[in-house]
Structures are given as C-alpha cells and as structure tokens.
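The values are calculated or read from the model by the stated rules, or taken from the named source; none is laboratory data. If you're wondering where the values come from, they're calculated on a predicted model, not measured in any experiment. Because the Cβ atoms are built from the backbone with ideal geometry, glycine has one as well, and the counts that use them run over all protein chains shown. Areas reflect the complete protein model, heavy atoms only, side chains present, ligands, DNA and RNA absent. Shrake-Rupley method; radii C 1.70, N 1.55, O 1.52, S 1.80 Å.
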Amino acid sequence: TFAVIIGNENYERVTKVKYALNDAKVFASYCKKTLGLPKENIRVYRDATFGTMLSALDDIKSIASAFEGDLNVIFYYAGHGVPSESDKAAYLLPVDASGQNTEVCLSTKRLYDTLDGLHAKRVLVFMDACFSGAQRGDGMLASARGVALKVKQDAPKGNMVVFSAATGDETAYPYKEKGHGLFTYYLLKKLQDTKGNVSLGELSEYLADNVKRQSVVINRKVQTPSTIPSASMASAWRDIKLK
C-alpha cells in the first residue's frame, strides 16, 4: 500500500487553510504507525504547487507501473477546493493559484482518471476540502476551510471509494480546539480507536454521524461528509477493511 498525502495550508493569493499541514503530517503518521505502511511508501507533499501536484501523480503512476497494479493506494488531500464558474466542475487548489484560472488547478475528474489508470487493486480517496465556491468581492471564506455554487460531482472509477468532508454547497470547517479539520479529526480518531481494524462502511457511518453533529454544535452550520464508491464496487466496498 502506498499513500499520497497533500497538505495545502499557506496559499500565496487566497486565505490560508488552518491546520492543513498538521492534518497531512498526522495522517502520514497514522499511515505508518496504525496502518503499518513502510516510511518509504508514504509520500507527503507540503504546500504543493500545481507542478508539485502533477509530480505527485506522476510518482504514483511510476510506482503502479513497476508493481504492475499489484498495490493499494491511499490519496489524502487537505486544502482548498474551488468550483469552475463556467461548468461547475470541482478542482483542488494548488498553493500558487487563486482559483480564477482553473487551467492551473487539479480537477477531481483528472485526479480520478489518473488514479483509475493505476489499475490498482484498491484506491481510497480522503478529501478534507469543499468545493462550494467563492464569495464574490470577498475572496474566499476567511473562517472556513473551503471557498456557494453546487458543483458537479465527478464519479469515482474502477476500484475506488471517495470520502469527502462536505456535501453540495456546504463548507468544510476546522475543529479549532483539536488543531485539525473537523473531517480529518474524526477520521484520525476512528483509526486510533480501532487501530485501523475498521470496515469502510463503519468508517463512513462514523464520519457522517460525528462530523454532522459536531459541526452543528461548534459551527452552528451543517457539514455532511459523503462516501461515494465507484459503480463497479456496488455495496461490496462496505465490508472492505481499511487495514
């Protein structure tokens, strides 16, 4: 199993994403200590530019080619997401971009196509980001972890399951007391409590329940995580163990 982990916090042209670097750092630590991945199998990218994000995908493509598909892949992202105003497509925002020109942003469609092209046995995607949009004239939401358009949701492909921090036009919030994104905090907590011995179905239900409840309490706003398996996974994904 190989992990590709991107934490984008210190943006050059828009507001910071609080705790994104800590999210990436601690998630990487859990991959090693809890899920048992060797250190060299964990690739961490801090404050990634568009070029760095493309390099990260090229790296995992080279690995998958060498292993001839006999591998599992975990892709984790904490940072801003942005929508394209023209076609409502969703993009991950590099730290050197503003989101106005999506040609230099990584679309979720391109991400899923690349991950599907690895022909891996299993691909898990965790995204602590939202794609709801920007406030016209006010830039990105200063107090939120995302940037309200309702984006077009790209479908995962192959043997892929995508866990997202928020749904539709919602915002993905930080959990200030814990120094993490709200979604990432509960993801890490479930890994810690179960030592990684948890099915994807159990993880999905835990994230949905706890993030939604806690967000209403501390943010007074709804944040609903979603889990989207590829069509070919049907309901079989629920029984897959994370570890």
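Under the condition of being part of a helix (DSSP H, G or I), touching an Asp or Glu at 6+ places or on another chain (Cβ under 8 Å) and not hydrophobic (A, V, I, L, M, F, W, C), the residues counted in the range 84-112 number 3. N197 satisfies every condition listed in (1) at pLDDT 95 or above; (2) outside any loop (DSSP other than H, G, I, E, B) except (2).
Go through the range 115-134 and count every residue that is buried (at least 17 other Cβ atoms within 10 Å of the Cβ) and outside any strand (DSSP E or B). Result for the range 115-134: 9. Residue check: Y185 meets all listed conditions (1) open to solvent by 20 Å² or more (accessible area, probe 1.4 Å); (2) outside any helix (DSSP H, G or I); (3) not aliphatic (A, V, I, L, M) but one, namely (2).
If you take the residues of the range 215-243 that are in a helix (DSSP H, G or I) and open to solvent by less than 40 Å² (accessible area, probe 1.4 Å), which of them is nearest to I74 (Cα to Cα)?
W237
Candidates are the residues of the range 23-51 that are in contact with an Asp or Glu (Cβ under 8 Å, 6 or more places away or on another chain) and under 25 Å from K243 (Cβ atoms); the one that is surrounded by the most Cβ atoms within 10 Å (Cβ to Cβ) is D23.
Please go through the range 60-80 and give me each residue that is over 18 Å from the mean Cα position of the chain (by Cα) and modelled with pLDDT of 95 or more, ordered by number. Result: K61, S62, I63, A64, S65, A66, F67, E68, D70, L71. Kindly evaluate V161 against the criterion of being at pLDDT 95 or above, surrounded by 15 or more Cβ atoms within 10 Å (Cβ to Cβ) and of a type in the set (V, I, T). So V161 fits the description; yes.
Within this structure, Y19 fails the test of being open to solvent by less than 10 Å² (accessible area, probe 1.4 Å) and hydroxyl-bearing (S, T, Y).
Filtered by the rule that a residue be crowded, with 19+ Cβ neighbours inside 10 Å and more than 19 Å from D113 (Cβ to Cβ), the range 61-81 gives A78, G79, H80. Annotation: of all residues in the range 22-73 being small (G, A, S) and part of a loop (DSSP other than H, G, I, E, B), the one that is nearest to L111 (Cα to Cα) is A48.
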